[in-house]
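Colleague: Dropping a structure here in structure tokens format, bear with me for questions.
The values are calculated or read from the model by the stated rules, or taken from the named source; none is laboratory data. Since the model is a prediction, treat every value here as computed from it, not as a measurement. Cβ placement follows ideal geometry from the backbone for every residue including glycine, while neighbour counts extend to all protein chains displayed. Accessible surface is based on the protein model in full, side chains and every heavy atom, while ligands, DNA and RNA are left aside. Shrake-Rupley method; radii C 1.70, N 1.55, O 1.52, S 1.80 Å.
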Amino acid sequence: MTMKRNRARVAMGLGLVGLLAPPGCALLASLLGSMPKPTARLAAVRLTDLSISDLTLVFDVTIVNPYEVPLPLVNVDYALASQSQPFVQGQAPLQGSIPARGSQTVSLPAKVVFVELLKALQGIRPGAMVPYHTTLGLSVNAPVLGTLRLPLENDGQLPVPAPPEVSVPSVTWQNLSLAGATGLVKLRVRNPNAFALDVTGLDYDIKLGNFDLAKGGLTNAASLAAGAAQELGIKVQVSTERAGMAILQMLEGKASAYSLAGAIALGTPFGPLRLPLAVTGQVPFLR
């Protein structure tokens, strides 16, 4: 019995040696090459968590498992480049597995920090749309074959948002009297971006010198094409009873220092943005 087992072991050993010999290596490679392999395709690319400082690209990858057993995920590596200049790269472990004889979509996030992008891509300025090329490698642990890297590539564009330019170009005073005056404050909003913006909300607190001129909010105030500007009007009323007679001397002048504080809410093709406002300058008075 022992002799038969030894003969079987010798036969197996000789068989393995035969496979590892040059003709056998070719046979083994052929056998492994004919085995089914998992596949991956890019189902979608989503842009999320847009802010003035960064955004996240999410790559939805669908993986097909041809095996009779679950397919464990190992890790993902990724690199983003524009005009052959890399600006983001990284690697992250993955948890879970793809069901046997099944498929599953896995979401792979990559964070893009604009400061790092602008350092890497000279000539790009805030407000631009940046073309990019992504290379992804999703690694799985296949039976017999071991770790397999499933490569993917994708081309797209991402925004580097710039804050809108907000100013107070003029205040027009009417009905100036000892009791006070009414007026119209012009707000100018310019979109410096290469994509359209909607001003969905504007909270403002306007001061002339130390005097609180107007405080309030606007909704759905403007729709701005790329590079376009629009003026918004805010009606104000000044009362000497509230502000004192000294305010009349200011209003009778030609200009005043102003400050504009608050926040602006924006709708973009890539998601909403909300930014603080803090603007100062000189505003001319018109009559």
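Colleague: Kindly express, to the nearest 10 degrees and within the range 0 to 90, the angle between helix 22-33's C-alpha long axis and the longest C-alpha principal axis of the chain.
Modeller: Compared with the principal axis, the helix lies near 50 degrees.
Colleague: Oh, and also: Principal axes first, then extents: for the Cα atoms of the chain, list largest minus smallest coordinate on each axis, whole Å, largest first.
Modeller: Rounded to whole Å, the extents work out to 122, 34, 26 Å.
Colleague: Which is farthest toward the positive dipole end of the chain among Gly209, Thr147, Val58, measuring Cα position about the Cα centre, with Cβ charges +1 (Lys, Arg) and -1 (Asp, Glu)?
Modeller: The residue sitting farthest along the positive end of the dipole is Thr147.
Colleague: Accessible area per residue for segment 149-189 in Å², computed with a 1.4 Å probe and the full protein assembly in place, what is it?
Modeller: Ligands and nucleic acids excluded, the result is 45 Å² per residue.
Colleague: So for the pair Leu275, Ala79, with labels modelled 7 Å out along Cα→Cβ, what separation do we get in nm?
Modeller: According to this spin-label approximation, the distance is 3.3 nm.
Colleague: When the accessible area of segment 36-75 is computed with all protein chains present and a 1.4 Å probe, what percentage of it is carbon and sulfur?
Modeller: Of the solvent-accessible surface of segment 36-75, carbon and sulfur hold 60 percent.
Colleague: Shifting gears a bit: To the nearest 10 square angstrom, how much accessible area does Met250 have with a 1.4 angstrom probe?
Modeller: 60 Å²
Colleague: Using only the heavy atoms of the protein chains and a 1.4 Å probe, how would Ser256, Ser223 rank by accessible area, largest first? Display every interim value, and only then the final one.
Modeller: Numbers: Ser256 10, Ser223 85 Å².
Sorted by accessible area, descending: Ser223, Ser256.
Colleague: Averaged per residue, what accessible area in Å² does segment 196-287 show with a 1.4 Å probe, protein chains only?
Modeller: Dividing the accessible area of segment 196-287 by its residue count gives 54 Å².
Colleague: All other residues with a Cβ under 13 Å from the Cβ of Leu117 taken together, and with Lys, Arg as +1 and Asp, Glu as -1, what is their net charge?
Modeller: Numbers: positive: Lys111, Lys119, Arg125; negative: Asp54, Glu116.
Cβ neighbours under 13 Å give a net charge of +1.
Colleague: Now for a separate question. Which percent of the accessible heavy-atom area of segment 84-193 goes to carbon and sulfur, probe 1.4 angstrom?
Modeller: Summing carbon and sulfur atoms, their accessible area is 50 percent of the total for segment 84-193.
Colleague: Turning to a different aspect of this structure: Can you show me the helix-derived [θ] at 222 nm for the chain, built from DSSP H runs with n ≥ 4 at -39,500 (n - 2.57) apiece and divided by the number of residues, rounded to the nearest 500. Mind showing how you got there, number by number?
Modeller: Numbers: 5 runs with 48 residues, N = 287.
The helix-only estimate for the chain comes to -5000 deg cm²/dmol at 222 nm.
Colleague: Assuming a viscosity of 0.890 mPa s and a temperature of 25 °C, what translational diffusion coefficient in µm² per second does Stokes-Einstein assign to segment 154-287, Rh being the Kirkwood radius over Cα pairs?
Modeller: 154 µm²/s
Colleague: Rank Val199, Val115, Ser97 by how far each Cα sits towards the positive end of the charge dipole of the chain (+1 on Lys, Arg Cβ; -1 on Asp, Glu Cβ) and give me just the farthest.
Modeller: Ser97
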